[in-house]
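Nothing in this text is a laboratory measurement; each read-out follows from the coordinates by a stated rule. In this text, all values refer to a predicted model and were calculated from it rather than measured experimentally. Glycine also receives a Cβ, built like all others from the backbone with ideal geometry; neighbour counts cover every protein chain displayed.
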Amino acid sequence: MASCLCYLCAHPDCKAKLLKEIDEVVGDDQIRWEHLSQMPYLDWCIKETMRLVPPAVGFMRQARGPQLLGKKWRIDAGMPVIVNAAWSSERKWDPKRGRVWFAYIPFAVGPRACIGREFTVVEQKVTMVTLFQHFDFQRPKEVQVPEGYKTVRQAEAKSLGVGCGGVKPEYLHILRFVYVYFMLGAAEISPGKAEPEICPRSVPLAQLAVPEDLECQKGPHAAVWSNVKKSFRALLEDTPGALFNPIPEAQVKTAVDQAIAQVKAAGGFDSSSTNECGYGKLALQLLSVCLVSDPFAVAQTVQSAGEAFASPVLTLLLDIPWVATALSGWPLFGLLAQVSLRKADVLKDMVDQESIDGVSKGSTYFNAMRGAMPSSDLSAMADATLTYLNNPDPTGDGGVLGALTALATQAAVQSNVQERLNLINGLQEAMKKAVHTSQDLDLMLATRWPLWSLIHFTVDAISVG
């Protein structure tokens, strides 16, 4: 909205048209729902602003097959690509400009587009009308650029060090690039094309590529495992409150039974399919753990399942980049979150949970995070984390688990794609220092901190499953 006001002040004729429309439709009355559809020029102004200054600077998708962009840059199948959400080929702000589908994408597109896109447009309209009913806005005659800031064109980027070994310190805080070339690095140049030098990748794409065996897209039963993956995702995404609360056992059992029946009917458990879709079979085991009621078995979930289960879980958690795990589409951390929630519930009267969590009864941060879980109030968690980081809780901050939860919360509310990727990498490195054995993992899964749920929310945002 601030950007829209700036554009309107820079174009007095457009502002006059908008004020005339507001006066004619709403006047001095309080804005009502029926007014919104009667103000097309307001809609144009807001959407033209989002074309140039989108609410999210970019989003990630995975190439389904090999692509050649601009006859120069090769995108291999499975390669993650960050899409710039700003349609900036036309820099002039013009409210009457038409929208081009798949070019105007301020909220992304497809099944993973922002679910709040309609709400935020309505919110902006109501706020803009209310502001103009009570205030006038004028562009300052002179604008003094603060010392140390500089506008940088893309052509100057390389000379400033962007994407080629880092950013010069004096420009670190003002560069805003969401191009594949600068965030993940340019793709390979096609053979036989003599093109100017392109900056090397800042993050090797090989580190983010999804191992074929994780996706389960090959093999005679690939279609069946794909359906299982979708059903597990649907269980986590469609069950109200499932992000921070246990899914009812009956629903879990139905999902497990249906998955087993599908795979079994297709022959996916036959001896000839032993090496097919190991990740899918592991996910099925993880969800099945949520049905275990024996407290002693629940206490040692990973250990009691044996090395055939513990080893791949630890490998996925510690050795495979979490971005690759997310891009496979299998909701590993969502399943681990449900295991953790189940363990905490079953063991609540049998173990000293405060010792496991590293807190005391008066832990302000822990109590605030726990209090926000039933309503899945991520905003309250973010506020509690900010307070905790500014003023560490002297009554018991949870030690490693509290610190990891704070880091996971920061990552969960981070809207900048690159910053979120950096925080995800930092989380995984921290996890490597905290977990070494299956016993360590069992202990961390028994926590009441919303750690695993927050990791799931953070990592799964870049999933393409």
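Counting 0.36 nm for each residue step from L389 to T127 and taking away their Cα separation leaves a gain of 91.1 nm. Okay, which of the range 1-29 sit inside 12 Å, backbone N to the point 7 Å along the Cα-Cβ direction of L52? Under 12 Å, as judged by backbone N against the label point of L52, lie 3-12 of the range 1-29.
Dipole orientation for the range 212-460: of the candidates F457, C216, L389, C216 has the Cα lying most toward the positive pole (charges on Cβ; Lys, Arg +1; Asp, Glu -1). Residues whose amide H falls under 5 Å from that of D270, counting only those 5 or more places apart or on a different chain, are absent, with hydrogens built in the peptide plane.
Annotation: amide H of F59 within the under-5 Å range of V83, A85, sequence separation 5 or more or interchain, hydrogens built in the peptide plane. With a Förster radius of 60 Å applied to the beta-carbon distance between D23 and S375, the computed FRET efficiency rounds to 0.90.
Once you sort the root eigenvalues of the Cα gyration tensor of the range 212-460 as a ≥ b ≥ c, which label holds: rounded (a/c under 1.5), prolate (a/b larger than b/c) or oblate (the other case)? Note, shape of the range 212-460 comes out prolate. Based on C-alpha pairs under 8 angstrom that are at least 6 apart in sequence, the range 212-460 has a relative contact order of 25 percent. With a Förster radius of 30 Å applied to the beta-carbon distance between S311 and C114, the computed FRET efficiency rounds to 0.20. Rounded, prolate or oblate: which one fits the range 320-434, using the alpha carbon gyration tensor with axes a ≥ b ≥ c (rounded when a/c is under 1.5, else prolate when a/b beats b/c, else oblate)? Cα axes put the range 320-434 in the oblate bin. Decide, for the range 214-306, between rounded, prolate and oblate: order the square roots of the alpha carbon gyration tensor eigenvalues as a ≥ b ≥ c, take rounded if a/c falls under 1.5, and otherwise choose prolate if a/b is larger than b/c, else oblate. The shape class here is oblate. Among the GluC sites (Glu not before Pro) within the range 233-327, not one is in coil by DSSP while having at most 14 neighbouring Cβ atoms inside 10 Å.
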